[in-house]
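Engineer: Take this structure first; my questions come after.
What follows is calculated from the coordinates using simple rules that are stated; it is not laboratory data. Please read these numbers as outputs of a predicted model, since none were measured by experiment. All Cβ positions, even for glycine, are placed from backbone atoms using ideal geometry, and neighbour counts span all protein chains on display.
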Amino acid sequence: MKRGFYILALLVSVSGRCQSPVDSTFSLMFNGGLGFTHANDPHINRWLAKYGYPTEPHVPSSCHFELSAMPVGSKKMYDIRVSTINSGHNLSSFNLLIGLYATLIKEHNFLLLAGGGVGLHRDVIALNGKLPVEYQQYATEYNKPLGLRRGGLILEPALRAFWYPLQLSKLQIGLFGSIGVDMDWNSHWRLGYFDNSHGKYSHFKRLTKPNDQKRVSEYGLAYNMGLSFRLRLQ
């Protein structure tokens, strides 16, 4: 009797799984919002403060723009993201990441995912004020605006959530949020100057000396939030 009951329960379970609807949509998501990170470089902040420059924000904010996709029947989301800092005074920063996330919960109007992104970042600090003696020599020689530049690898494991309370035909409109850890492996800050060969001071030419800046890797909590537009295609 018990054996028959177990067999019946197993058949019902298998039958239910077979009859459950399969996600037959291809989803594209366009996301935009603000991000914040606690990763910063205390060494460069001390150097900037010494020469009278604004220091990097302790918790810099940035604008995020990303394109994500979920293939038909897939429990994975593929992502490409671009972000630029918006809270630095003489600091400009650019990140480009590609990500892969697996769904922990996948409902019609709610997604919870875990995974991470990896990519490259570039930071530039414009030196338009007081300069050390050895820096001033280059400013005089080239008669161009000086700056410090570095680049490196960025890795961001994160937990992400999407909620879509509004739906207009195939378009869902909602909110997203994520929390993770930013890990930046930076190169040295390198001195250089901005060339105006294209009509504006946008091209950075690196100088080999002086090499007085340290290589500082940065780690810290990161979180972002914003609007998400999800297009569900057949």
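Engineer: Could you list Tyr135, Tyr51, Tyr219 in order of exposure, starting from the residue whose Cβ has the fewest other Cβ atoms within 10 Å? Present the calculation step by step, with values, prior to reporting the outcome.
Structural biologist: On the way: Tyr135 18, Tyr51 12, Tyr219 15.
The fewest-first ordering by Cβ neighbours comes to Tyr51, Tyr219, Tyr135.
Engineer: A follow-up question, please. Putting +1 on Lys and Arg Cβ atoms and -1 on Asp and Glu Cβ atoms, find which of Gly33, Gly99, Thr84 reaches farthest to the positive end of the dipole of the chain.
Structural biologist: Working it through, the farthest residue towards the positive pole turns out to be Gly99.
Engineer: Further, regarding this structure: Sequence neighbours fewer than 8 away in the same chain don't count; with that in mind, list the aspartates and glutamates whose C-alpha is under 19 Å from Lys205.
Structural biologist: Asp123, Glu134, Glu141, Asp195
Engineer: A follow-up question, please. Can you give the Rg to Rh ratio of segment 23-233, both from alpha-carbon atoms, with Rh computed by the Kirkwood formula?
Structural biologist: Values: Rg = 20.4 Å, Rh = 18.9 Å.
Using Cα coordinates only, the ratio equals 1.08.
Engineer: Counting only other residues whose beta carbon sits under 14 Å from that of Ala102, what net charge do I get with K and R as +1, D and E as -1? Walk me through the numbers before you get to the answer.
Structural biologist: Details: positive: Lys75, Lys76, Lys106, Arg160; negative: Asp79.
The answer is +3.
Engineer: Roughly how many Å is it from the Cα centre of segment 174-191 to that of segment 70-116, as a whole number?
Structural biologist: Centre-to-centre distance over Cα atoms comes out at 12 Å.
Engineer: Would you please give the FRET efficiency between Arg206 and Trp163, computed as 1/(1 + (r/R0)^6) with r the Cβ-Cβ distance and R0 = 35 Å, to the nearest 0.05?
Structural biologist: Calculated transfer efficiency: 0.20.
Engineer: Same structure again: Which value, in debye to the nearest 20, describes the size of the charge dipole of the chain about its Cα centre when Lys and Arg Cβ atoms bear +1, Asp and Glu Cβ atoms bear -1, and nothing else is charged?
Structural biologist: In total the dipole reaches around 460 debye.
Engineer: Take each uninterrupted DSSP H stretch in the chain, measure its Cα extent along the helix axis, and return the ones at 15 Å or beyond whose mean Kyte-Doolittle hydropathy is at least 1.0.
Structural biologist: none
Engineer: Another question, if that's okay. Run the reach check for Lys50 against lysines, Cα to Cα strictly under 18 Å, same-chain hits fewer than 8 apart removed. What comes back?
Structural biologist: Reachable lysines: Lys130, Lys214.
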